[in-house]
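To start, the structure under review is shown below, and the notes come after it.
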Amino acid sequence: MKLAMIGFGQAGGKIVDRFVQYDERTGSGIVRAAIAVNTAKADLMGLENIEQENRVLIGQSRVKGHGVGADNELGAEIAEEDVDEVQGAIDAIPTHEVDAFLVVAGMGGGTGSGGAPVLAKHLKRIYTIPVYGLGVLPGSDEGGIYTLNAARSFQTFVREVDNLLVFDNDSWRQAGESVEGGYDDINKEIVTRFGVLFGAGEVGEGDEVAESVVDSSEIINTLAGGGVSTVGYASEGVDVDDSGGLLSRFTGSEEQVDTAHTTNRITSLVRKAALGRLTLPCEIEGAERALLVMSGPPKHLNRKGIERGRKWLEEQTGSMEVRGGDFPVNEPQVAACILLSGVNDVPRIKELQQVAIEAQDNIESIREESEDNLEDLVEDDEDELDPLF
């Protein structure tokens, strides 16, 4: 799947930067174009893989390149005012070669959480290809203002994109790790999962062709209908050698044992991917659509295992729209990647919204109390002192 990726804000820019690195390392060909947009000049300068001409600084007249300070209303205003500057970078993208836009943003800060929904709305108005969002939720320990930003951004972003893929930092933090190390691990996890998903179906010269091809249309159809999506992933190392190959599935009794083993491994990995850590934890029952992608060396993939995994997923979700296929890659592991689209039983989102409502009420009451306290502080001297003007 060929994507035009736009990272909005600090987190979004870093994730897209990491996607470009992944694309170059694996040769997956996912990133057709990569753009980073920010109100903070320092964040753009810290990127390593996105071309300099594709780093767009907005809001210079308002914030002088210093960012919006977690004020996502200001982030949205600046995005509205300077959307033509972003469009200037997008105009250089050959959109006839692109399957979809992917707007990536952290939803707890100011620039990304405010600007990403604005950009998504703008892109949908101009282009006919799908516009997807990849939103990263802040951890619950990051503070009330970030939770409030995320809740407000989420309910806006999900309405402005064709589908919102969500990654919840809260589920991926590990105790004792540094801030930089923690975010680096999270970004690596994001890129690995979505890299396998969006890379499925890409076949180069001399590559193995899948038995059941998963291409961009399968992904687009799974994401069709809007809503929120989450991705599950599980992998297991395997030996890679030159013996066997595609024909080994059909020859000899020894190979039949291998086939049974690979079938069992595939069904086991599918269960682990669906019931393990999802990018956004949720109950998979009730998901409207699903897509299963099995990647790995060709001789470790077979149709029987994938069909069993797909059928199990159909039973667990209750969905009649469960697609599946294989993605042969010459890497020493077999991996199951599952896209669950249209999920609705998501406790984290309900919790996020509740905490945000409380934070909003608290902020309002603190502002009122602050005004009263200031009056109490200065009014005692008003009778004895003359004001300056």
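The values are calculated or read from the model by the stated rules, or taken from the named source; none is laboratory data. Values in this document were obtained by computation on a predicted structure and should not be read as measured data. As a convention, Cβ positions derive from the backbone with ideal geometry for all residues, glycine included, and neighbour counts pool all protein chains shown. Keep in mind that these areas ignore ligands, DNA and RNA; they rest on the heavy atoms of the full protein, side chains included. Shrake-Rupley method; radii C 1.70, N 1.55, O 1.52, S 1.80 Å.
Among the candidates Glu85, Glu81, the residue that is in contact (Cβ under 8 Å) with a residue 24 or more places away in the chain and either touching a Cys at 6+ places or on another chain (Cβ under 6 Å) or among the charged types (D, E, K, R) (or both) is uniquely Glu85. Is there a residue in the range 107-118 that is under 21 Å from Leu340 (Cα atoms) and either in contact (Cβ under 8 Å) with a residue 24 or more places away in the chain or open to solvent by 10 Å² or more (accessible area, probe 1.4 Å) (or both)? So far as the range 107-118 goes, yes, one or more of its residues are under 21 Å from Leu340 (Cα atoms) and either in contact (Cβ under 8 Å) with a residue 24 or more places away in the chain or open to solvent by 10 Å² or more (accessible area, probe 1.4 Å) (or both).
Give me a count of the residues in the range 11-47 that are small (Gly, Ala, Ser) and open to solvent by 50 Å² or more (accessible area, probe 1.4 Å).
Step one: of the range 11-47, the residues small (Gly, Ala, Ser) are 11-13, 27-29, 33-34, 36, 40, 42, 46.
Keeping just the survivors that are open to solvent by 50 Å² or more (accessible area, probe 1.4 Å) gives 27, 42, 46.
Of the residues in that region, 3 qualify.
When Arg303 is tested against (1) over 24 Å from the mean Cα position of the chain (by Cα); (2) surrounded by 13 or more Cβ atoms within 10 Å (Cβ to Cβ); (3) more than 14 Å from Val214 (Cβ to Cβ), just one condition goes unmet, and that condition is (3). Restricting the first member to the range 154-166 and to residues that are open to solvent by 40 Å² or more (accessible area, probe 1.4 Å), and the second to residues that are assigned to a helix (DSSP H, G or I), the beta-carbon pairs closer than 6 Å and six or more apart or on different chains are Thr156/Pro117; Glu160/Pro117; Glu160/Ala120; Glu160/Lys121. A count restricted to the range 306-323 and to residues that are surrounded by fewer than 24 Cβ atoms within 10 Å (Cβ to Cβ), within 21 Å of Gly225 (Cα to Cα) and either aliphatic (A, V, I, L, M) or touching a helix residue (DSSP H, G or I) at 6+ places or on another chain (Cβ under 6 Å) (or both) stands at 3.
Does Ile50 satisfy being assigned to a loop (DSSP other than H, G, I, E, B), under 16 Å from Asn187 (Cα atoms) and either open to solvent by less than 30 Å² (accessible area, probe 1.4 Å) or without any contact (Cβ under 8 Å) to a residue 60 or more places away in the chain (or both)? It would help to see each step written out before you state the result.
Working: assigned to a loop (DSSP other than H, G, I, E, B): yes; under 16 Å from Asn187 (Cα atoms): yes; either open to solvent by less than 30 Å² (accessible area, probe 1.4 Å) or without any contact (Cβ under 8 Å) to a residue 60 or more places away in the chain (or both): yes.
When the stated conditions are applied, Ile50 passes them.
Quick one: is Lys121 open to solvent by 10 Å² or more (accessible area, probe 1.4 Å), modelled with pLDDT of 95 or more and out of contact with any Leu (no Cβ under 9 Å at 6 or more places or on another chain)? The answer is yes for Lys121. Looking at this structure, is Asp84 buried (at least 19 other Cβ atoms within 10 Å of the Cβ) and charged (D, E, K, R)? Criteria not met by Asp84.
Within the range 139-153, the set of residues being without any contact (Cβ under 8 Å) to a residue 60 or more places away in the chain and open to solvent by 10 Å² or more (accessible area, probe 1.4 Å) comprises Asp141, Glu142, Gly143.
For the range 247-278, which positions are modelled with pLDDT under 60, closer than 20 Å to Pro328 by Cβ and open to solvent by 70 Å² or more (accessible area, probe 1.4 Å)?
Correct list: Leu247, Phe250, Thr251.
Within the range 139-152, the set of residues being within 20 Å of Val231 (Cβ to Cβ) and touching a Gly at 6+ places or on another chain (Cβ under 7 Å) comprises just one member, Ala150.
Of Gly59, Gly69, which residue is surrounded by fewer than 18 Cβ atoms within 10 Å (Cβ to Cβ) and not polar (S, T, N, Q)?
On the way: Gly59 fails: surrounded by fewer than 18 Cβ atoms within 10 Å (Cβ to Cβ).
None of the other options fit; the residue is Gly69.
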